[in-house]
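The values are calculated or read from the model by the stated rules, or taken from the named source; none is laboratory data. Predicted model only: the values in this text are computed from it and were never measured. Positions of Cβ are backbone-derived with ideal geometry, glycine not excepted, and every protein chain shown enters the neighbour counts.
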């Protein structure tokens, strides 16, 4: 399998920050993988995703998406990815349909095709009766699902999700996870961050645990668990590797 | 298609923001109406807004009635002869002026006519005697001076006092001269043995004629409250768009939708162009609404109707230039600041300052010299000057070009600065 995402010696430090956010990270995410990027708060996960999305320029290193350099071929690389941000990136005073029609139009999707897609996705995510409802009237779980749909409209080859199941109920989380599995089966590469380690262990085909800007371990969930004698789940290994001290 | 989607999105958001709509459309209409009404009196000339003057005529003879007639005919004063139902006298006039109930009182002393006639007659006799036309009187005549008393409200400004005194002095002198001429002609008739009384031509020999520099009837509107306030506050409201526009940009960033736009190739700039387009249209609608208020609503409140002039093409181009400058400014404020609070405080205070120095609150020509020089830095001044060129001076298009270019240049600079700030925010 060829590399969907390739990161080489990536370094980034925020302006006026004492520590580097991402410190010489290198990894490769193969086409068709569900890659879990795990780590405590401030580990560098969101910074890595921001660089992949073209929101941040890396200080050093090279990042490519299906061979397109994210700093030099930014538009080409952006077309290939769908990003589900940590925050709900929608217009609260617009309805679900209006939000999706707008973002779909921004991707240049034709009106008729867009309408069909919106209808299908709303049905798939249990939002079929809420298309004309304003987003500000949605529950947290509904907003998360709609936030995910808005990133799927252009059929991205790679879906990047930054904590997509944070603050949602079990039903919504289950629906999202099942959808991601199905989507992956259809060929979409998934890069995913989460604080739910059990969820990651069950979903991901490959995992990297990152702390203080560095990758501390990488492999399939089974490989990682097997490499740490005396530990039988990802959460205990995570705590061992990243230590128990609280992070900001 | 993307641009149309961006415009549609912006329209929907704007139409659902009731508070924003009120700031954009309702508030300026109230502002324009209230300011035109408040500033109506100071803008009216003395003919329209007469100064009440308490008149006490203790003379009850020709001088007293000539002065009263003169005051009435001057068109500047309205003569009050009764205070609270009682005939005005020295005492109640002094008290009411001292209390500020009236700003001005005038008392004509008893026997003023007789004294004046005696003084004038004596002077005429002396003149005729010098020419050998009458016998010289060896007695030395001591003229009694007549003192007309003018009472001023203690709070009246010096400029007001001197203006009133000089107006009164003007027609008292004229009355004195006319009386002198009358007596002189009578005496001359007696001395020459001609019985017929000479007719006195009292019409002034030299008069002042005020002509507007551009010789246009419309230019008379310059001193009209509506003609100043409607365009001035319309421009203020257009620049006040900084609040909803900056707020919309910051909201987009806070809500995260801007983040999604940054991820979609090329969509962020498309959305920003859509925003510029919609808010420029909003500015144009604001301006049209405010013109309508000036033309149709203000006359219902007793104010003169707003005169829009005849050069519609120049007007439209000028308004577009103003709208672009206002939108550009709002865009820049929305790009610089990170919070609503910062943007609102800076946006509103800066627009008030720019409008004050730009001649919106009071016309530039009544400002001190230093402020008149400073006023040229305000885009609101360029806007107001340009619109006054269309409405009042009725200049041709070429006269509008300098202000238009300044406004368009301002817009371009604001957009470039915004792009720079947005870039800095994006790659922090």
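In the set B:13, B:26, which member is out of contact with any helix residue (DSSP H, G or I) (no Cβ under 9 Å at 6 or more places or on another chain) and either surrounded by fewer than 19 Cβ atoms within 10 Å (Cβ to Cβ) or at pLDDT 90 or above (or both)?
B:26
Would you be able to tell me the number of residues in segment A:143-172 that are more than 28 Å from residue A:80 (Cβ to Cβ) and outside any loop (DSSP other than H, G, I, E, B)?
Result for segment A:143-172: 2.
Can you give me the ranges of the helices (runs of 4 or more DSSP H) entirely in segment B:1-103 with at least 3 residues that are within 14 Å of chain A (Cβ to nearest Cβ)?
B:2-16, B:18-21
Considering only residues that are outside any loop (DSSP other than H, G, I, E, B) and surrounded by fewer than 23 Cβ atoms within 10 Å (Cβ to Cβ), look in segment A:51-69 and name the one that is nearest to the other protein chains (Cβ to nearest Cβ).
Per the criteria, the residue is A:68.
Can you tell me how many residues in segment A:22-38 are crowded, with 23+ Cβ neighbours inside 10 Å and either part of a loop (DSSP other than H, G, I, E, B) or free of Cβ contacts under 8 Å to residues at least 12 places away in the same chain (or both)?
Going through segment A:22-38 one residue at a time, the tally reaches 0.
Select from segment B:175-190 the residues that are touching a residue at least 40 places away in the same chain (Cβ under 8 Å) and within 15 Å of residue B:62 (Cβ to Cβ) and list them in ascending order.
Correct list: B:175, B:176, B:179, B:180, B:183.
From the list A:80, A:72, A:94, which residue is more than 8 Å from chain B (Cβ to nearest Cβ) and either surrounded by 20 or more Cβ atoms within 10 Å (Cβ to Cβ) or in contact (Cβ under 8 Å) with a residue 12 or more places away in the chain (or both)?
After applying the criteria, what remains is A:80.
Kindly list the number of the only condition in (1) within 15 Å of the chain's Cα centre (by Cα); (2) in a helix (DSSP H, G or I) that fails for residue A:236.
(1)
Give segment B:240-260 a look and list any residue that's in a helix (DSSP H, G or I), more than 15 Å from residue B:419 (Cβ to Cβ) and at the interface with chain A (Cβ under 10 Å from one of its Cβ atoms), or say none.
B:251, B:252, B:254, B:255, B:257, B:259, B:260
Looking at (1) assigned to a loop (DSSP other than H, G, I, E, B); (2) within 12 Å of chain B (Cβ to nearest Cβ); (3) under 16 Å from residue A:156 (Cα atoms), find the lone condition where residue A:16 falls short.
Just one mismatch for residue A:16, condition (3).
Considering only segment A:205-214, I want to know if a residue exists there that is part of a helix (DSSP H, G or I) and crowded, with 17+ Cβ neighbours inside 10 Å.
Checked against the condition, which is being part of a helix (DSSP H, G or I) and crowded, with 17+ Cβ neighbours inside 10 Å, segment A:205-214 yields no hits at all.
Only one of (1) under 26 Å from residue B:313 (Cα atoms); (2) in contact (Cβ under 8 Å) with a residue 24 or more places away in the chain; (3) in a helix (DSSP H, G or I) is not met by residue B:393, so which one is it?
It is condition (3) that residue B:393 fails.
Confirm whether residue A:41 is surrounded by fewer than 17 Cβ atoms within 10 Å (Cβ to Cβ), part of a helix (DSSP H, G or I) and more than 10 Å from chain B (Cβ to nearest Cβ).
When the stated conditions are applied, residue A:41 does not pass them.
In segment A:97-123, which residue that is under 18 Å from residue B:3 (Cα atoms) and under 21 Å from the mean Cα position of the chain (by Cα) is nearest to the other protein chains (Cβ to nearest Cβ)?
Looking at residues that are under 18 Å from residue B:3 (Cα atoms) and under 21 Å from the mean Cα position of the chain (by Cα), I get A:106.
Taking the stated definitions as given, is residue B:356 assigned to a helix (DSSP H, G or I) and touching a helix residue (DSSP H, G or I) at 6+ places or on another chain (Cβ under 6 Å)?
Here the answer is no, as residue B:356 does not meet what is asked.
Just a yes or no: is a residue in segment A:3-12 within 14 Å of chain B (Cβ to nearest Cβ) and not in a strand (DSSP E or B)?
no
Kindly list the number of the only condition in (1) at the interface with another protein chain (Cβ under 9 Å from one of its Cβ atoms); (2) assigned to a loop (DSSP other than H, G, I, E, B); (3) more than 18 Å from residue B:255 (Cβ to Cβ) that fails for residue A:89.
Among (1) at the interface with another protein chain (Cβ under 9 Å from one of its Cβ atoms); (2) assigned to a loop (DSSP other than H, G, I, E, B); (3) more than 18 Å from residue B:255 (Cβ to Cβ), the lone unmet condition for residue A:89 is (3).
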